[in-house]
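One structure is given here, and the rest of the page talks about it.
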Amino acid sequence: MGSFYDGPTGAFGKDRMLRKGADFSLLRAKGQDHRGHRLLFSWLPAPDGVSRLGLVVSKKYHRRAVHRNRARRLMRECFRLTEGRFSQPVWAVLVARRGMSGQKLMGVQRELLYHCHQADLLAKKEGDDEDSR
């Protein structure tokens, strides 16, 4: 009952979160950034071979904690739903921007998928080749 299923369709446990300042510093120094209207997406190929996520939602985003917690839940769920499509494990940090306030899951997930596509992180589908475009 206390264990988490470790897969793209299971729960996203605390052991899959980036929590140490050194990990955030590594992402800031060596990672790539993609800035959008709703969020900032920083990523780095996973040094340990396991996809991990860090979330940043400051008081600049919203003064009330209930709004900041909703932003965290949305970003965590979007990453959980998207990580199964990655071509490689990544460490990622998602930073909420004010444009995310009041957004639904689909809008945030659409932007995350856009950033992942720009970063060429999504696995290619079978039959999806460059010549057919």
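Just a few scattered comments:
- Among the residues here, residue 46 does not qualify as loosely packed, with under 12 Cβ neighbours inside 10 Å and either aliphatic (A, V, I, L, M) or at pLDDT 95 or above (or both).
- Test set (1) out of contact with any Ser or Thr (no Cβ under 7 Å at 6 or more places or on another chain); (2) surrounded by 15 or more Cβ atoms within 10 Å (Cβ to Cβ); (3) at pLDDT below 95; (4) hydrophobic (A, V, I, L, M, F, W, C) - residue 27 fails condition number: (1)
- The set of residues from region 13-67 being of a type outside the set (Gly, Ala, Ser), assigned to a helix (DSSP H, G or I) and within 25 Å of residue 99 (Cα to Cα) comprises 24, 27, 28, 66, 67.
- Any hit, region 70-86, residues being at pLDDT 95 or above, farther than 19 Å from residue 12 by Cβ and surrounded by 12 or more Cβ atoms within 10 Å (Cβ to Cβ): no
The values are calculated or read from the model by the stated rules, or taken from the named source; none is laboratory data. Quick caveat, the model's predicted, so the values are computed rather than measured. Note that each Cβ is placed from the backbone with ideal geometry, even for glycine, and that neighbours are counted across all protein chains shown.
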